[in-house]
Amino acid sequence: QDLKFVWDYAKSAGYMNIVAEDMCPLHPRTMELMNVLNENSNVDHTLMKQYCAQDAPGLPHCYAGRFGFQYQLEWLESTILSLGESKSTQPTFIWSNTVEGHELTQWGIPIMDDGVRDFLRTILKSSFIDNGVIIFLSDHGLHFGDYSYTSLGLMENRHPFMYILTKEGGMDTGNFGINAERLITPGDVYKTMIPLIDMTASATLFPRDVDLWT
């Protein structure tokens, strides 16, 4: 299907768009995305990795002694705090993707958890988040090791994850609490995100997709 990126809907609704991506620039998916960003004026600011090398074979995803996602979180934190200080009234959509949660499952996830925790503690103090929504997405769960061959592991490897965080009293969660107990598809995630950005818009990947709020 000829689907629009989420930030295309955001731009139509008057948002400033920021995209951060840490995939190796030689990866076909990243090359495709970079072509889209170069041709697409709907994205205002981007952070893209310009290299694929690592410190040493035994230090995957390490660059100058730090993980790639740490640089990414640092840049996002600085950007969000600056936007909060600027008192801008323009709504902002930020899309940040990291592949390190995919590659560093098991031993690497606790390190990422610590970084995300510190990042959230900092930005949640900013007025920029007062009317904001933070959405965590994953295309699948743990998929390395013996666990991935169990019945639960096979299910986890095939289903996405969606978690929504707001400041207390920030928004009505509707039926999200009920749907949180159900299996969801990437189409459900897509259909749920579009109305969050533009309440007048709707989008569907497949006929059976549902908005998780309804």
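Rolling a 1.4 Å probe over the protein heavy atoms leaves L76 with an accessible area of roughly 10 Å². For M16, the residues whose amide H sits under 5 Å from its own are T92, F93, ignoring neighbours fewer than 5 places away on the same chain, with H placed 1.01 Å from N.
Couplings for the range 120-127, taken from phi via the Karplus curve 6.51 cos²θ - 1.76 cosθ + 1.60 with θ = phi - 60°, read 5, 4, 6, 6, 5, 7, 7, 5 Hz in order; Gly and Pro are left as x. Surface listing: Y149, Y71 arranged by accessible area from highest to lowest gives Y149, Y71, probe 1.4 Å. For T46, the accessible area of its heavy atoms, probed at 1.4 Å with every protein chain present, is near 70 square angstrom.
Phi angles across the range 196-210 convert, under the Karplus curve 6.51 cos²θ - 1.76 cosθ + 1.60 with θ = phi - 60°, into 3J(HN,Hα) values of 4, 8, 9, 5, 8, 9, 8, 8, 9, 7, 9, x, 8, 4, 10 Hz, Gly and Pro given as x. The Cβ shell under 14 Å around R117 holds other residues with a net charge of -2, Lys and Arg each +1, Asp and Glu each -1. Amide H contacts for K49 (H built 1.01 Å from N in the peptide plane; partners 5 or more residues away or on another chain; cut-off under 5 Å): E21, M23.
Can you check what the net charge comes to around H140, using other residues whose Cβ is under 9 Å from the Cβ of H140 (Lys, Arg +1; Asp, Glu -1)? For residues surrounding H140, the net value is -1.
The values are calculated or read from the model by the stated rules, or taken from the named source; none is laboratory data. Computed from a predicted model, the values in this text were never measured in an experiment. Using ideal geometry, Cβ is built from the backbone for each residue, glycine included, and neighbour counts are taken over all protein chains shown. The area values use the complete protein model at the heavy-atom level, side chains included, leaving out ligands, DNA and RNA. Shrake-Rupley method; radii C 1.70, N 1.55, O 1.52, S 1.80 Å.
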